[in-house]
1. Roughly how many Å is it from the Cα centre of the range 34-71 to that of the range 118-189, as a whole number?
2. Which of MET226, MET188 comes first, and how do the rest follow, when ranked by fewest Cβ neighbours within 10 Å?
3. Within the range 1-63, which chymotrypsin sites (Phe, Trp or Tyr not before Pro) sit in a loop by DSSP and count at most 13 neighbouring Cβ atoms inside 10 Å?
4. Here are some pairs, LYS12/LYS223; LYS66/LYS170; LYS124/LYS172; LYS129/LYS170; LYS66/LYS154; LYS170/LYS223; which of them have Cα atoms lying more than 32 Å apart in this structure?
5. Over all directions, average the projected area of the Cα convex hull of the range 1-95 and note it in nm².
6. Which residue fluctuates the most in the chain, going by a Gaussian network model with Cα springs under 10 Å, if the choices are ALA136, ALA21, ALA163?
7. Taking only Cα atoms and a 10 Å spring cutoff, compute GNM fluctuations for the chain and point out the largest among VAL166, VAL97, VAL29.
8. Multiply the residue gap between CYS33 and THR222 by 0.36 nm, knock off their C-alpha separation, and tell me the result in nm, one decimal place.
Amino acid sequence: MRLDKYLCQNTKLTRSLAKKAISSGQISVNIKCVKNPAFKVKLNDEVFYSGDQISTLGHRYLMLNKPLGYICSTEDEVHPSVLNLIDIDKRERLHIVGRLDVDTTGLVLITDDGQWSHRITSPKRNCQKSYQVDLAENISADIIERFKKGLLLKNELKPTLPAQLVIQSKKKALLSIQEGRYHQVKRMFAALGNHVEALHRISIGRITLDAQLADGEWRYLTKDEMISMN
C-alpha cells in the first residue's frame, strides 16, 4: 500500500496532510526516514509518525441496538444515520450490514469488512434473522403452518421461504426468516390481514443482540461472534 494511503487509513491525517508529513521528514519506515508518498508499505513494516509507531486499524465489527427514528444509511437523509451513534475513528469507512426501517429497532451489524458483510447478506446464504413482533390483532395458531409453507406477498411471483413463527401471547410473536425482502415481516403479516405495530430484531445468524446494550448503544463483536458469520 502507498505510504500516503497507509497514513490516511490508520491516522486522522487527510491525504494532503499525510503528504506534508512525509515531505517534512516526520515519517519513518523501519527506522529509516521516508519522503516519498508512493513508497510501498509492506505487511510487516513498522511505520512511525513523529517518533510514535502507528497501529493499523484492521477490520472492525460492531453491533448496535438501533433506536427508533434512525436510518440504516451511511448518510443523513430525512432522518439521521445510525452512524451518528458510533463514536469511532474513521467512522466514514464503516457500512451497515443489511438494513432496518426507520420505525424498526434492534440488532444492526456494522463493519468496514466488505467480504464479511457480503457473506451475511448474500441471498445464497439464507442467513436466519429473528424478530420480536407486536401486532394490532390477535394471532391465530393456524397461521404457524402458513408461515412454514411460505406466503405469497403482494406484487411478487414467488412465495417466501419457510419461516418459523412462535406465538408468545395474543398479539406478540417471535418470527425467524431466511430472507431480506423489502419490508418482508410487515408484508407477511399484512398478507394474513394483520398489522405490525412494533418490530425489533434480536438476532442475525448466531449473533444475538446484547441485552446489556440500551437503545442507541453499541459494542465491538467478540472474536467468536465475528467468526460465527464466516
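1. Computed from Cα coordinates, the inter-centre distance equals 39 Å.
2. Numbers: MET226 18, MET188 24.
Lowest count first: MET226, MET188.
3. Values: sites: TYR6, PHE39, PHE48, TYR49, TYR61; in loops: PHE39.
Within the range 1-63, no chymotrypsin sites (Phe, Trp or Tyr not before Pro) qualify (loop, at most 13 other Cβ atoms within 10 Å).
4. Details: LYS12/LYS223 26 Å; LYS66/LYS170 26 Å; LYS124/LYS172 30 Å; LYS129/LYS170 22 Å; LYS66/LYS154 28 Å; LYS170/LYS223 39 Å.
Violating the 32 Å Cα-Cα cut-off are LYS170/LYS223.
5. Working: hull surface 28.5 nm².
If you wrap the Cα atoms of the range 1-95 in a convex hull and average its projections, you get 7.1 nm².
6. Its mean-square fluctuation being the largest, the pick is ALA21.
7. Among VAL166, VAL97, VAL29, the largest GNM mean-square fluctuation belongs to VAL29.
8. On the way: separation 189, 0.36 × 189 = 68.04 nm, distance 3.74 nm.
That pair, CYS33 and THR222, stretches by 64.3 nm at full extension.
Read-outs: derived from the displayed coordinates by stated rules, not from any lab. Owing to the predicted nature of the structure, the values given are computational and were not obtained by experimental measurement. Quick reminder, even Gly has a Cβ in these numbers, built from the backbone with ideal geometry, and neighbours come from all protein chains shown.
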